[in-house]
Ligand code: GRF
């Protein structure tokens, strides 16, 4: 009997709803040849925990409120992640800033999704900021995480139009639909060994990606 090669192990960090986690779960086995070995939430009430349980994925709550210092919280995260020998750590709506030590430990195998066309609008309230600036387009970026917040080399971006009647919620909903497309693509590339961090740029199939990352047109044509 030929034994199957072990699949890459992915740990997903969440804080809330977990709809991006769901998009990854939905693509496991078909599009994404990997196992999600653990979902860690820093909030005990995160709805994403139920999504993981429904998919029979191991969950763990590490509540940041139980720790007096960021470094101690991060150390607890590290202990849990390393228990699973994770090949890739995916931040999916994880709302804590990670210490430099944490980021350096996993740099090159730590991905994040940020709801703006980075480098525009790092940080919070990105949809409102795009509206306030009267931007005509807005979007979302998957990037490698580096110590500087929301600044890592971009991997993929997807753009959406900003419509006259938009408020932050309607714009966020339009952006989220693109999130569920581009995050699974980036994770698939990584676990297939096609995606690497090289200095301050991302490489796909050994080719340096543009600074914006690859650009996804709807529906789903990558440039
Ligand atoms: C997403 O909008 C993502 O871009 C941002 O946080 C949100 C998480 O949503 N980083 P969900 O928990 O995946 O539903």
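The values are calculated or read from the model by the stated rules, or taken from the named source; none is laboratory data. Everything quoted here is computed from the prediction, not taken from an experiment. For neighbour counting, all protein chains shown are included, and Cβ atoms are generated from backbone atoms with ideal geometry for every residue, glycine included.
General observations
- Sole residue being touching a residue at least 60 places away in the same chain (Cβ under 8 Å) and within 13 Å of the ligand (Cβ to nearest atom), chosen from 172, 186, 168: 186
- Subset of the range 65-95 (residues that are surrounded by fewer than 17 Cβ atoms within 10 Å (Cβ to Cβ) and either within 16 Å of the ligand (Cβ to nearest atom) or at positive phi (or both)): 85, 95
- Being out of contact with any helix residue (DSSP H, G or I) (no Cβ under 6 Å at 6 or more places or on another chain), in a strand (DSSP E or B) and touching a residue at least 24 places away in the same chain (Cβ under 8 Å) is a property that holds for residue 143.
- Here is the figure for the range 1-43: residues that are within 15 Å of the ligand (Cβ to nearest atom) and part of a loop (DSSP other than H, G, I, E, B) total 6.
- Candidates 179, 192 - the one that is in contact (Cβ under 8 Å) with a residue 40 or more places away in the chain and either assigned by TED's automatic domain parsing to the domain that holds residue 96 or touching a helix residue (DSSP H, G or I) at 6+ places or on another chain (Cβ under 7 Å) (or both): 179
- Contact annotation: residue pairs with Cβ atoms under 7 Å, 6 or more positions apart or on different chains, pairing a residue in the range 1-22 that is at positive phi with a partner that is assigned to a loop (DSSP other than H, G, I, E, B), are 18/46; 18/47; 18/92; 18/93.
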